């Protein structure tokens, strides 16, 4: 199965609502690696890597689970990515 890496920025009321913790839990259930962190501008930035089907299901689950907090999503491929060993919450 081909590997995929996605870089995503979530906008809305996405900080202070458990977004990073929820994302980490969802990542574990899909077996994807990467990281999630809050940005100073109020957005949440995410990188997810793994089998393409797992990454897509993970991103869809995050968007569905956190839909009430997300106003927009910018998604793009990660250029020249290396697959991280695990998923982490970055500060």
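Within the bounds of the stretch 14-22, is there any residue that is within 19 Å of residue 78 (Cα to Cα) and in contact with a helix residue (DSSP H, G or I) (Cβ under 7 Å, 6 or more places away or on another chain)?
The initial filter retains those residues of the stretch 14-22 that are within 19 Å of residue 78 (Cα to Cα), namely none.
Among the residues of the stretch 14-22, not one is within 19 Å of residue 78 (Cα to Cα) and in contact with a helix residue (DSSP H, G or I) (Cβ under 7 Å, 6 or more places away or on another chain), which makes the answer no.
Of the strands (runs of 3 or more DSSP E) that lie entirely inside the chain, those containing 1 or more residues that are surrounded by fewer than 15 Cβ atoms within 10 Å (Cβ to Cβ) and modelled with pLDDT under 95 span 3-12, 70-77, 87-90.
The values are calculated or read from the model by the stated rules, or taken from the named source; none is laboratory data. Being a predicted model, the structure only gives us computed values, none of them experimental. Note: ideal-geometry Cβ built from the backbone for every residue, glycine included; neighbour counts use all protein chains shown.
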